[in-house]
Amino acid sequence: MSDQFTFTVTNNTEQVITELWVSVDDEEWASFTLSDSGISSGETVTIAWAEYTNGSPCEWYISAVFEDESESESALFNFCKEPALTIG
């Protein structure tokens, strides 16, 4: 069984995060599966990377989609240095 890498996301906005997207190159994006209720305002959740990303670079672009369908700007984040992400 291989290691499963995780990170945390804290939602410091006033809206629910309904989708979370990541990209190595800021062009091709993949989504994480969130619970049906998303990530509520003030909530911190732990998210696991898919095993196929093991061996990938540490730096990924990340973007959130909110309950009103607005999107955050994509931001480059180093998940190896600090596996705790705050949005908002």
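Per residue, the chain exposes an accessible area of 64 Å² to a 1.4 Å probe, with every protein chain left in place. Expressed as a whole percent, the accessible area of the range 5-88 that falls on carbon and sulfur atoms is 46 (1.4 Å probe). At an R0 of 41 angstrom, the distance between the Cβ atoms of residue 70 and residue 5 translates into a FRET efficiency of 0.90. Here r is the Cβ-Cβ distance between residue 40 and residue 81 and R0 is 22 Å; the resulting FRET efficiency, rounded to 0.05, is 0.25.
The values are calculated or read from the model by the stated rules, or taken from the named source; none is laboratory data. These numbers come from a predicted model, not from an experiment. Quick reminder, even Gly has a Cβ in these numbers, built from the backbone with ideal geometry, and neighbours come from all protein chains shown. Side chains included, ligands, DNA and RNA excluded: accessible areas come from the protein's heavy atoms. Shrake-Rupley method; radii C 1.70, N 1.55, O 1.52, S 1.80 Å.
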